[in-house]
Every structure is written in C-alpha cells, then in structure tokens.
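> Handing you this structure, nothing more for now.
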Amino acid sequence: GAPVAVHVLGELKEILLAFEKQIDALALKSDGKGHAHNTWPGDKLREIFALVNVTPSTVDELVDVLKRGAAMLAGAVQHTGGVRTSGLHSLAECVQTLFQLDCDPNDFKLHVCTEKPRGGGPLIRTVNYWCLNPGYAMVALLRANHVHSLILTSGTLSPLNSFASELQIPFPIRLENAHVIDKEQAMVMIVKKGPSGVSLRSTYHNRDSPQYLAELGNTMVNFARLVPDGMLVFFPSYAMLESAVQFWQRPPPSNGTGAAQSIWQRMEKFKLVMTEPRGNQQKLAAAHADFEDALER
C-alpha cells in the first residue's frame, strides 16, 4: 500500500497514547496476590474508543493507518532489526471486529489485567477482548476463504442441534453414531468435597493450593482403592497435570517413624500409575507401549 505520512503517524501515536491513558484510568480489582483485573461488557471498549474520537465514521481510516503503519515498520524490522509489529496488527483486527455492523457487543467481554512483562520490570496493563460466540470466527472463515465444504468431526459434538446453532452456519449433512457404552454402564457424578471435607474447586486461583492438591490426591487414592481394574483421569491442561503429579510425588512430612508415604506411592499400592508425556512422540510411544504391556499382565 501507499506509505504513511509522518503527520498521520503522529496522529496515530496521539490516539494510541490517549487510549492507553483511558485504560490506565479503569478501576481494577486486586486478587490479593499482587495483581489486579476487571471485566466489562463488550460495548465498554466502544465507549473508550469514542473518548479518543474513534467512532464508526472514523474507524476505517484508523484501521487503514494501523495496517499500513505495521507494514512500514515491518520493513524497518527486516533492514534494521527494529520493533515487532504484531501489536499493531492485533489492534487493527480488534478495532475492525469491534465496529462491524453485525457485531453484538453482548457476545464479547473486555478484560483488563496486570501482568509482568516477559523481560521483567514493573507490572503493565493488558487489554483482552474476548469473543464468547464461536459463530463469528466460523462465519468469517467461510466468507474470507470462499470455502466450498467444511467437515467437522469429533467424539464430543452431541447434541448436534445446539452445536450447529452456536456456530451460526448450516450443516445440511449430519451423521451421529450411537455411543459404544450403554446408558446402564455410565454414571455421571460430581464430587464436591474430598475425604477431609475440603472443597474440590479447581479454579485458577485455587488449583495451586497445597490444601487443594492434597485433598484431590487423597480423593484419587480412595478411588484407586475402590474402583476395580483401570481408571482414566483427565486434567484441564498439561500444566495442571504436571503441577499435581509433582506435588503428589513429594515426600510427606516426617512422622518420626520414617514410614510415611507420598500420595503418589499410596496410589501405586492400588494401580500402576502412568501419565501422558507432553510434546515428545518417543516418550508418548514408550508410555503407550508400557500401557499395552500392563493390560496383557
């Protein structure tokens, strides 16, 4: 595209600085651990942009300058190793989405939080614009790429009607197979508390709590003792899995006899315990082979 005039870049800088000032003025709630955050309805971000004179009538010009400015700076990066421009691209896409005519602010949330920069230093505020409606991405995908056919496959799409409704695109051809397990073989339960009465709430701020991890581990020991044959335990993420396993494998406080066992050792009294390794195909293949060997014993 055409180069950006110096005075236009100056105006862009003023808008961004004014926007940053408005973000800094937002009231955040402390989490008690040195950080703070707050969440607002999606139209709050439109209000903030209006305060810096970015409106539906001026947004196209801003997006154009952001994209051309990012392209110009990208050229400088190649020649001089200057600053990265992904932030400008992200801001342009966010602003473009925010002011789309068919965009419902109720489908979005503005979340501002404090974070430590990767390179260290004082806390900075990070702006997140969360889309809570997957239909926007799917519709945009079909429009932008002229997709002829789209095939979605998974073992967890049922019920299909609600899933298709959330994606906001038609699925004229559907195939849904019966589950391999009969209804009489399945029982869905929620375990609210562990054996000591501690609440099993796996919230972000609670999942690293020693009390919670100990209670979760003791609950697992009880299930391993009572459930015949195998158990399959899912975690929300590899990070949480690794955190829990590390905690359970720690030696317990000494009881004076030297006979105390870790939570992991107590699990191993009832089951052969195996974990899925992360990001290593060889380790995954080895773990799978060990699992198959255990089934043959």
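The values are calculated or read from the model by the stated rules, or taken from the named source; none is laboratory data. Given the structure is predicted, the values throughout are model-derived calculations rather than measurements. Here Cβ is always computed from backbone atoms with ideal geometry, including for glycine, and neighbour counts include all displayed protein chains. These area figures cover heavy atoms from the full protein model, side chains too; ligands, DNA and RNA do not enter into them. Shrake-Rupley method; radii C 1.70, N 1.55, O 1.52, S 1.80 Å.
> I need the full set of residues from region 215-256 which are hydroxyl-bearing (Ser, Thr, Tyr) and either in contact with a strand residue (DSSP E or B) (Cβ under 8 Å, 6 or more places away or on another chain) or in contact (Cβ under 8 Å) with a residue 40 or more places away in the chain (or both), in order please.
First, pick out the residues of region 215-256 that are hydroxyl-bearing (Ser, Thr, Tyr): 219, 237-238, 243, 254.
Once the filter is applied, which keeps residues that are hydroxyl-bearing (Ser, Thr, Tyr) and either in contact with a strand residue (DSSP E or B) (Cβ under 8 Å, 6 or more places away or on another chain) or in contact (Cβ under 8 Å) with a residue 40 or more places away in the chain (or both), region 215-256 yields only TYR238.
> Go through region 239-258 and give me each residue that's more than 13 Å from VAL273 (Cα to Cα), open to solvent by 80 Å² or more (accessible area, probe 1.4 Å) and in a helix (DSSP H, G or I).
Residue satisfying the conditions is GLN246 alone.
> Also, quick follow-up: For the condition at pLDDT 90 or above and polar (S, T, N, Q), what is the one hit in GLN96, GLN22?
Details: GLN96 fails: at pLDDT 90 or above.
After ruling out the rest, the residue left standing is GLN22.
> Say we look at region 103-153 and pick out the residues that are of a type in the set (Gly, Ala, Ser) and at negative phi; which of these is surrounded by the most Cβ atoms within 10 Å (Cβ to Cβ)?
Initial filter on region 103-153 (of a type in the set (Gly, Ala, Ser)): 119-121, 135, 137, 140, 144, 149.
Subset that is at negative phi: 119, 135, 137, 140, 144, 149.
On the way: GLY119: 5, GLY135: 15, ALA137: 11, ALA140: 12, ALA144: 8, SER149: 5.
Looking at the filtered set, the residue picked out is GLY135.
> Shifting gears a bit: Filter region 223-232 for residues that are among the hydrophobic types (A, V, I, L, M, F, W, C) and open to solvent by 60 Å² or more (accessible area, probe 1.4 Å) and give the result.
Here is the first cut: in region 223-232, the residues among the hydrophobic types (A, V, I, L, M, F, W, C) are 223-224, 226-227, 231-232.
The answer is PHE223, LEU226, MET231, LEU232.
> For VAL180, which of the numbered conditions (1) open to solvent by less than 100 Å² (accessible area, probe 1.4 Å); (2) out of contact with any helix residue (DSSP H, G or I) (no Cβ under 8 Å at 6 or more places or on another chain); (3) modelled with pLDDT under 85; (4) of a type in the set (A, V, I, L, M) fails to hold?
Against the list (1) open to solvent by less than 100 Å² (accessible area, probe 1.4 Å); (2) out of contact with any helix residue (DSSP H, G or I) (no Cβ under 8 Å at 6 or more places or on another chain); (3) modelled with pLDDT under 85; (4) of a type in the set (A, V, I, L, M), VAL180 comes up short only on (1).
> So, in region 32-54, exactly how many residues are open to solvent by 40 Å² or more (accessible area, probe 1.4 Å), under 20 Å from TRP130 (Cα atoms) and out of contact with any helix residue (DSSP H, G or I) (no Cβ under 7 Å at 6 or more places or on another chain)?
7
> Can you say whether LYS193 is surrounded by 10 or more Cβ atoms within 10 Å (Cβ to Cβ) and over 22 Å from the mean Cα position of the chain (by Cα), as far as the supplied structure shows?
On the way: surrounded by 10 or more Cβ atoms within 10 Å (Cβ to Cβ): yes; over 22 Å from the mean Cα position of the chain (by Cα): yes.
In short, yes.
> Within region 85-129, how many residues turn out to be touching a residue at least 60 places away in the same chain (Cβ under 8 Å) and hydroxyl-bearing (Ser, Thr, Tyr)?
2
> How many residues does region 90-130 contain that are hydrophobic (A, V, I, L, M, F, W, C), part of a strand (DSSP E or B) and under 14 Å from ASP43 (Cβ atoms)? Working first, answer last.
Narrowing region 90-130 to residues hydrophobic (A, V, I, L, M, F, W, C): 91-92, 94-95, 98-99, 101, 103, 108, 110, 112-113, 123-124, 127, 130.
So of that shortlist, the ones also part of a strand (DSSP E or B) come out as 108, 110, 112-113, 124, 127, 130.
With under 14 Å from ASP43 (Cβ atoms) added as a condition, the list becomes 108, 110, 130.
Of the residues in that region, 3 qualify.
> Still on this structure: Answer with yes or no whether PRO159 is surrounded by fewer than 14 Cβ atoms within 10 Å (Cβ to Cβ) and either among the aromatic types (Phe, Trp, Tyr) or more than 24 Å from LYS21 (Cβ to Cβ) (or both).
Working: surrounded by fewer than 14 Cβ atoms within 10 Å (Cβ to Cβ): yes; either among the aromatic types (Phe, Trp, Tyr) or more than 24 Å from LYS21 (Cβ to Cβ) (or both): yes.
Criteria met by PRO159.
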